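This report concerns only the one structure given below.
The values are calculated or read from the model by the stated rules, or taken from the named source; none is laboratory data. These figures come from a predicted structure and were not determined experimentally. With ideal geometry, Cβ positions are generated from the backbone for all residues, glycine too; neighbour counts draw on all protein chains shown. These accessible areas exclude ligands, DNA and RNA; they are computed on the full protein's heavy atoms, side chains included. Shrake-Rupley method; radii C 1.70, N 1.55, O 1.52, S 1.80 Å.
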Amino acid sequence: MTIATLVLCVINAPHSKQLDAQALISCLKNPAAAKTMPGHMSAFFGEVEPSLQKEFAHQFGISDAELVASAKAFSSYSGEHYPIAA
């Protein structure tokens, strides 16, 4: 199983609307898009191990700094605390 497949299985499991990798990347790059998918984003930052978050992001050209910024922005919106945003 690829990293992308594993990540997508975790974030999509409890939701009827399924995101593909490009939709997740869009949410990681765009805080407004992330707010439209709060359950998926919460699962990504809260249930996917930080090392897998980084591997997934790197596969799609997102740096560690960009990933952390995305996590912090979503954390601010959701009120949740995520390890990668620390």
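Points worth noting:
- Spin-label pair Cys9/Ala23, simplified geometry with 7 Å Cα→Cβ offset, distance in nm: 1.9 nm
- Legend: helices of the chain (whole DSSP H runs) are marked when their alpha-carbon atoms reach 24 angstrom or more along the helix axis and their mean Kyte-Doolittle hydropathy is at least 0.5; nothing is marked.
- For the chain, with all protein chains in place and a probe radius of 1.4 Å, 55% of the accessible heavy-atom surface sits on carbon or sulfur.
- For region 1-47, dividing the convex hull volume of the Cα atoms by the residue count gives 68 Å³ per residue.
- Across His40, His58, the residue with the most accessible area heads the list, and the full order at a 1.4 Å probe is His58, His40.
- Overall Cα dimensions of the chain - principal axes, largest extent first, Å: 30, 26, 19
- Probe 1.4 Å, all protein chains present, accessible-area order of Cys27, Cys9, largest first: Cys9, Cys27
- In straight-distance terms, cross-link reach from Lys29 covers every one of the aspartates and glutamates whose alpha-carbon lies under 15 Å from its own, apart from those fewer than eight places away in the same chain; here that gives Asp20, Asp64, Glu66.
- Per residue, the accessible area of the chain comes to 53 Å², computed with a 1.4 Å probe over protein heavy atoms only.
- One compactness figure for region 36-79 is 1.08, namely its Cα radius of gyration divided by 2.2 N^0.38 Å.
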